[in-house]
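Taken together, the values in this text are just the output of simple stated rules run on the coordinates, not laboratory data. Quantities reported herein were computed from a predicted structural model and do not represent experimental measurements. Cβ coordinates were reconstructed from backbone atoms using ideal geometry, including for glycine residues, and neighbour counts include every protein chain displayed.
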Amino acid sequence: MTEAMRLDGIRAGRLGPDDLARNFGDLHPGLDAHEATVAADRCYFCHDAPCIAACPTDIDIPLFIRQIQTGQPEAAAKTIFDQNIMGGMCARVCPVETLCQEACVREAAEGKPVEIGRLQRYATDAMMAAGEHPYARAPDTGRRVAVVGAGPAGLACAHRLAMHGHAVTVYDAQPKPGGLNEYGIAAYKTPDGFAQAEVDWLLKIGGIAIENDKAIGKGLSLSALRSDFDAVFLAVGLGGVGALGLDGEDAAGVENAVDFIAALRQHDDLTTLPIGRHVVVIGGGMTAVDAAVQAKLLGAEVVTIAYRRTRDRMPASRWEQDLAASHGVRLAFGLVPHALHARGGKLREVELAYVNPDMTPTGETVRVRADQLFRAIGQKLEAVEGLDLAGGKIAVTGAGRTSLDDVWAGGDCAAGGEDLTVTAVAEGRDAAEDIHGSLSS
Amino acid sequence: MADLTTDFIGIRSPNPFWLASAPPTDKEYNVRRAFDAGWGGVVWKTLGAEGPPVVNVNGPRYGVIHGADRRVLGINNIELITDRPLQTNLDEIARVKRDYPDRAMIASIMVPCEEEAWKAILPRVEDTGSDGIELNFGCPHGMSERGMGSAVGQVPEYIQMVAEWCKHYTHLPVIVKLTPNITDIRKPARAAKAGGADAVSLINTINSITAVDLDDFAPEPTIDGKGSHGGYCGPAVKPIALSMVSEIARDPETRGMPISGIGGVTTWRDAAEFIALGCGNVQVCTAAMTYGFKVVQEMTAGLSRYMDEKGYASIEDFRGRAVPNVTDWQHLNLNYVTKARIDQDACIKCGRCYAACEDTSHQAVAMSADRTFTVVDEECVACNLCVDVCPVEDCITMERLEAGTTDPRTGRIVQAEPADWTTHPNNPGSPNYVPAGQDTMVSEPAE
Ligand SMILES: Cc1cc2nc3c(=O)[nH]c(=O)nc-3n(C[C@H](O)[C@H](O)[C@H](O)COP(=O)(O)OP(=O)(O)OC[C@H]3O[C@@H](n4cnc5c(N)ncnc54)[C@H](O)[C@@H]3O)c2cc1C
Ligand SMILES: Cc1cc2nc3c(=O)[nH]c(=O)nc-3n(C[C@H](O)[C@H](O)[C@H](O)COP(=O)(O)O)c2cc1C
Ligand code: SF4
C-alpha cells in the first residue's frame, strides 16, 4: 500500500515502476524445457481425445504433446499451427479451464489436467523464436479477397486464403493490426509486444497486404469492396458498447471498460496512466474481470465488480473469478446500477440496487464510493449495410456465409459461437476454406 | 513383528537385502555407509588377480533408459571389475567385516580361468574374514574379451571346473553368479551344482546398447565417438531375472539349490517376488545407485509389514511358494475363461482400452457417443491388454465366467473340470486328437 493509493480522484503514479513492471509481467511465464517435459509426460495420448473435441480449432493435442515428449517442440508447433495459426496467442489467452483442460481425462482422474495451454505456448514459442514459418503460399490464383478487420478472425482467414494462393487485402479501422489481441486482451496475458510479433510472423506467408486506418463507413463501403474483389470476409468484431441508461453518464470517470483497456495496452509508461482510487466495474464477463484486475494492478485501492446475477451465472469462468478475487477485487452479485452521483462534473459515488434472481428490484440500494466506473456490459455490433442480422450479429449459415453470396463473416461480429479468440480463429479459417472452395469451383 | 534375518548357505544377515557387487560396494567408505543405512550384507565389488589393476574408461560408463518424468527404468554400464589394488580392497574388507560382524560380507572374484590364479587369491580372501565368495561369471563387457566374466559363464564346463577349484582351495561357501547372456540358464546352473557350488546368484547384466546418438551415429554411452555394448540392469530387467530364477528353481536337476536373486530389485515387493520364486535373499545395485542407500529402509519396512499382514514369521514361511505355480504353457487350464470388466465409476474415459483393443486386438471394447466404454463379451478373448494399458489401477479387471455359463464368444459352456492342451482335440499328441477335416475340430483357443 503506497501513500499515493490513498489519494482520491483519478490520478497516475499510484505505484512505482518496479511494482508496475511486476504486476504487468507474464501471468503464466513460459515453461522451460524441463518443465515442459514433466508436463508432457502426464498426457495419456487418449483415443479420440476429449480435449481435441473441446478445442474450437480441433488441434490434435495428444499428438503435439507427444511431439514435445519426443524432443521436437517445432514439430509440435506445426501440428498446432495446421489447425490454428494463432496457436501462440490462444496458448496465452484461451480460457483453457472451460475448453481443452476441462475435458482432459486427468481433470477427471486427479483434478489436475495436463497443462495443455502452457505446453502449446512452449511449442509455438519454440518455432516462433526460431523464426521459422512452416507454410508456403500456393501459386497465385489471380483471385482477390478483401478481409475487413485484422483481428484473429480476419488474420486467420487471410492466412488460410494466402496459403491457397489468393491475394488478400486486410482493412482495419485501427492504426495497428491484431484486433483485440492488440487492443483488448489483458496486458499480463500477452506482454512484450507478442500481438504484433505474431502478426509479423503470420504475414511471412506472403500475399497479404494490410491497410490500417481504413474502415467501412469511413471511406470504405461494402458495396465498393464487393465490386473490387472476388469475395469479402467481414471480421469487424463488436465495436459498440451499450450505455447504462442512467442520468449523468457523461460525468468524468464514467468510461467503457474496453476503452480503458485499449488505452492501457497502448500506453508505454504505466506510471503515467491515471486510475481511480475507488473503481466500480459493471458487468460479469471477461472484460469486467480484466478491467477490474488491471485497475487493481495499476494501484486502485478498492475495486468492485457489480454483477446483476448470481455467481454461477457469471460469464467469466470460475478461474477468472478466482483470478480477480486473488488480486483483491471484490465480487458483488445481484446488483444493478441505479444512479450515478457526481460532484463538480466528476463521479463520486455509484448507487447500486439489489435485485432478485428474476431481476426484480428488492427495493434496497447501496451507495459505493467511485472515482471511476467502467461499463463492461457487453459489446455490440456496429451495423454493416445490407446484411441480414440474427440476435444483433451478422446472420451466417455454414462456414460463415452471409445473406450476400460473395460475403462471408466470422468472429465476434457473426452470430453463433462463443466470443473468444480461438473461436474467431476457427471461424476465419473455415470461412477461408469455404471461400477457396467457391472461388475454385 | 516378522523376523527378517536370513541364513543363506550358512551366512547369516539381519535382512535379506544385500548390495550386489558393483560400484556401491567398491570401497570401505561406501560399504560403511551402506551398513549404517541398514543393508544386510554386501558382495564386494569384484576383485581381480594380484598385479596392475584393470583400468576403466575415462569417459561416460553408463547409459540409461528413462520412463515418464525421467524415472530410471534401466541403466547399462561398461565398467570393469574393481580398478583398485587387490591388497587395498582386502584390507578394507577385513576392517569393515571386523566392525560389522553381524552383516554378510561376500567377496566377488574374477581371475583368469587357470587353477593357479584361483589357488593364489582364495587364501588371501579367506584371511579377510569374509563370509563367502561369489564367482563373477557374468560381466558381459571388457573382461569377457579377456576370457573372463561371461566368457566363462557361457561355457558350463568352465563353470564346473572353476567351482571345483574353489571348493578345493577354500572352505568358504561358494556362490556362482550367472550371466543371463545365454540361451538356457539351466545349463550353467547345473554346471555350478555339479562343480559343488553352494548357491547361484543371478542375474548379472544383459548385453545392451541403450541408445544411438543421432548426430554422431555412435552407441551410448559414447567414448570419443565409439561405444561398445554394456550390461543392462535396473527395473527393466526384473522380468528376465524372475523367469531365469524360476527356471532354476523348478528344474529337477537344480531344484532346491540356494539362489540369491538379482536384477531390478527396487522395492520390497520386488524382493518378495524373488523370494516367492525360491530365492534365499536378494541383491540390489541399480536401485541403490539411483536413490542412494536409504532405499533399504523402505525395503525392510515394506517386507516386514507384508509378512506381518500375511502372518509369515520368517522368510522361510513363504520362500518358494510361487515355484509350484510356474508351469509349462501346455498345462494351463483352457477351461479358465475370463472377460474384461470396466468399472464405470473409476473410468476416466481416456479410451486407451478402446484404441488398444480396436486397433491391435479383438474389437471387444465398444465406445458410445458419450465415451462410455464397455466390453463386448462376444469378442473378448481375455488377453488383458486393456487392463495393462488402462492408466487407472483396478479400473479394468478380469472376471471369471462361472462353470455352467456360456462363453458368448465361443458359444460353449464353461466346464468346471480343468482341461489343458495335452488333452485338447486339436493337439496331435493328445489322446483326444481329432484329425483335420472332421467337424468336431475346435477352433479355440488356438491363439
Ligand atoms: C477486454 C477483453 C478481454 C478479452 N479477453 C479474452 C481472453 O482472455 N481470451 C479469449 O479467448 N478472448 C478474450 N476476449 C474476446 C476476444 O478478444 C474476441 O473474441 C476476439 O478478439 C474476436 O476476434 P474478431 O477477429 O472477431 O474481432 P476483434 O478482435 O474485435 O477484431 C475486429 C477488428 O475489426 C476492426 N474493425 C471494426 N470495425 C471496423 C470497420 N468498420 N472497418 C474496418 N475495420 C473494423 C477492429 O479495429 C478490429 O481490429 C476478450 C475480449 C475483450 C473485449
Ligand atoms: C556399474 C555397474 C558395475 C557392475 N560391476 C559388477 C561387478 O564388478 N561384478 C559383478 O558381479 N556384477 C557387477 N555388476 C552387476 C550387478 O552386480 C548386478 O548383477 C546387476 O546390476 C543387476 O542388478 P540390479 O538390477 O539391481 O542393478 C555391475 C553393475 C553395474 C551397474
Ligand atoms: S481383454 Fe483383450 S480382448 Fe478383451 S477387451 Fe481387453 S483388450 Fe479386448
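Return the lysines within reach of B:LYS226: Cα separation strictly under 27 angstrom, same-chain partners fewer than 8 residues apart disregarded; answer none if there are no such residues.
B:LYS45
Ignoring everything except DSSP H segments at least 4 long, calculate the 222 nm mean residue ellipticity for chain A; use -39,500 (n - 2.57) per segment, divide by total residues, nearest 500.
-10000 deg cm²/dmol
Would you be so kind as to identify which of A:ALA262, B:PRO435, A:THR37 lies farthest towards the positive end of the dipole of the protein assembly as shown, taking Lys and Arg as +1 and Asp and Glu as -1 on Cβ and the Cα centre as origin?
Looking along the dipole axis, the top candidate is A:ALA262.
Say the dipole of the stretch B:329-423 comes from +1 at the beta carbon of Lys and Arg and -1 at that of Asp and Glu; which of B:SER361, B:THR422, B:VAL337 then lies farthest toward its positive end?
B:SER361
Highest GNM mean-square fluctuation, chain A, Cα pairs closer than 10 Å: which of A:PRO175, A:PRO152, A:PRO191?
In the Gaussian network model the winner is A:PRO175.
Provide the FRET efficiency to the nearest 0.05 for the A:THR397-A:ASP247 pair, computing r from the beta carbons and using R0 = 51 Å.
Numbers: r = 43 Å, r/R0 = 0.83.
FRET efficiency, A:THR397 to A:ASP247: 0.75.
Taking the Cβ-Cβ separation of A:ASP200 and A:LEU27 as r and a Förster radius of 25 Å, what is the calculated FRET efficiency to the nearest 0.05?
Approximately 0.65, to the nearest 0.05.
Please turn the phi angles of the stretch A:356-363 into ³J(HN,Hα) values with the Karplus equation 6.51 cos²θ - 1.76 cosθ + 1.60 (θ = phi - 60°), one per residue in order, whole Hz, x for glycine and proline.
Using θ = phi - 60°, the values come out as 6, x, 8, 6, 7, x, 7, x Hz.
Just rank A:GLU427, A:GLU255, B:GLU298, fewest to most, by other beta-carbon atoms within 10 angstrom.
The most exposed by this proxy come first: B:GLU298, A:GLU255, A:GLU427.
Taking amide H positions as placed 1.01 Å from N in the peptide plane, with prolines and chain starts having none, which residues 5 or more places from B:ILE262, or on another chain, fall under 5 Å of its amide H?
For B:ILE262, the qualifying residues are B:LEU202, B:ILE203, B:GLN283.
With springs connecting C-alpha atoms under 10 Å apart, model chain A as a Gaussian network and identify which of A:LEU420, A:LEU404, A:LEU381 has the largest mean-square fluctuation.
Per the Cα network of chain A with a 10 Å cutoff, A:LEU404 tops the list.
Which of rounded, prolate or oblate describes the stretch B:6-325 when judged by the alpha-carbon gyration tensor and an a/c cut-off of 1.5?
Rounded, because the longest to shortest axis ratio a/c is under 1.5.
Please work out whether the stretch B:14-82 counts as rounded, prolate or oblate from its C-alpha gyration tensor, where a ≥ b ≥ c are the square roots of the eigenvalues and a/c under 1.5 means rounded, while otherwise a/b larger than b/c means prolate and anything else oblate?
It comes out oblate by the Cα gyration axes.
Relative to the Cα centre, what is the charge dipole magnitude of the stretch A:33-129, using +1 at the beta carbon of each Lys and Arg, -1 at the beta carbon of each Asp and Glu, and rounding to the nearest 20 debye?
The dipole magnitude comes to about 160 debye.
Mind giving me the nanometre distance, one decimal, between the label points for B:ASP36 and B:TYR336, set 7 Å out from Cα along Cα→Cβ?
4.9 nm
Is there a quick way to get the dipole size of the stretch B:336-447? I mean about its Cα centre, with the Cβ of Lys and Arg at +1 and of Asp and Glu at -1; what is the value in debye to the nearest 20?
The dipole magnitude comes to about 80 debye.
Can you grab the distance from the C-alpha centre of the stretch A:14-42 to the C-alpha centre of the stretch B:388-426, Å, no decimals?
Taking the Cα centre of the stretch B:388-426 as reference, the centre of the stretch A:14-42 is 54 Å away.
Helix A:73-83 versus the longest principal axis of chain A: what is the Cα-based angle in degrees, 0 to 90, to the nearest 10?
Between helix and principal axis, roughly 90 degrees.
FRET efficiency for A:ARG311 and A:SER441, Cβ-Cβ distance as r, R0 = 35 Å, nearest 0.05?
Computed FRET efficiency for A:ARG311 and A:SER441: 0.10.
Based on alpha-carbon centroids, what's the gap between the stretch A:234-254 and the stretch A:323-393 in Å, whole number please?
For the stretch A:234-254 versus the stretch A:323-393, the Cα centre distance is 11 Å.
Run the dipole for the stretch B:6-325 about the Cα centre, Lys and Arg Cβ at +1, Asp and Glu Cβ at -1, nothing else charged, and hand back the magnitude in debye, nearest 20. Don't skip to the answer; put the middle values down first.
Values: 32 positive and 39 negative charges, 120 e Å.
The dipole magnitude comes to about 580 debye.
With just the Cα atoms defining each centre, how far is the stretch A:49-90 from the stretch B:268-325? Give it in Å.
Using only Cα atoms, the two centres lie 45 Å from each other.
Mind checking the angle between helix A:421-440 and chain A's longest principal axis? C-alpha axes, 0 to 90 degrees, to the nearest 10.
It is inclined by approximately 30 degrees.
Length gain on complete extension for the stretch A:LYS218 to A:THR70, per 0.36 nm per residue less the alpha carbon to alpha carbon distance?
Separation in residues times 0.36 nm, less the Cα-Cα distance, equals 48.1 nm.
Order of B:ASP370, B:ASP388 from fewest to most other C-beta atoms within 10 Å? Intermediate results must be reported in sequence, preceding the final value.
Values: B:ASP370 6, B:ASP388 11.
In increasing order of surrounding Cβ atoms, one gets B:ASP370, B:ASP388.
Rounded to whole Hz and in sequence order, give me ³J(HN,Hα) for the stretch A:302-318 from the Karplus expression 6.51 cos²θ - 1.76 cosθ + 1.60, θ = phi - 60°, writing x for Gly and Pro.
Coupling constants for the stretch A:302-318: 10, 10, 10, 9, 10, 10, 6, 9, 7, 4, 5, 8, 4, x, 5, 5, 4 Hz.
May I ask for the percentage of alpha-carbon pairs in the stretch A:343-424 that lie more than 20 Å from each other?
Values: 1889 of 3321 pairs.
Taking all Cα-Cα pairs of the stretch A:343-424, the fraction more than 20 Å apart is 57 percent.
With springs only between Cα atoms under 10 Å apart, run a GNM on chain B and tell me which of B:ASP345, B:ASP377, B:ASP131 wobbles the most.
B:ASP345
Hey, fewest Cβ within 10 Å first, where do B:TRP44, B:TRP268 land in order?
B:TRP268, B:TRP44
Per residue of B:339-349, what is the mean number of Cβ atoms on other protein chains within 10 angstrom of that residue's Cβ?
Average per residue, whole number: 2.
Along the charge dipole of the stretch B:6-325, which of B:MET307, B:CYS166, B:ALA192 sits closest to the positive end, that is, farthest toward it, with unit charges on the beta carbon of Lys, Arg, Asp and Glu (+1, +1, -1, -1)?
Checking the options against the dipole of the stretch B:6-325, the answer is B:MET307.
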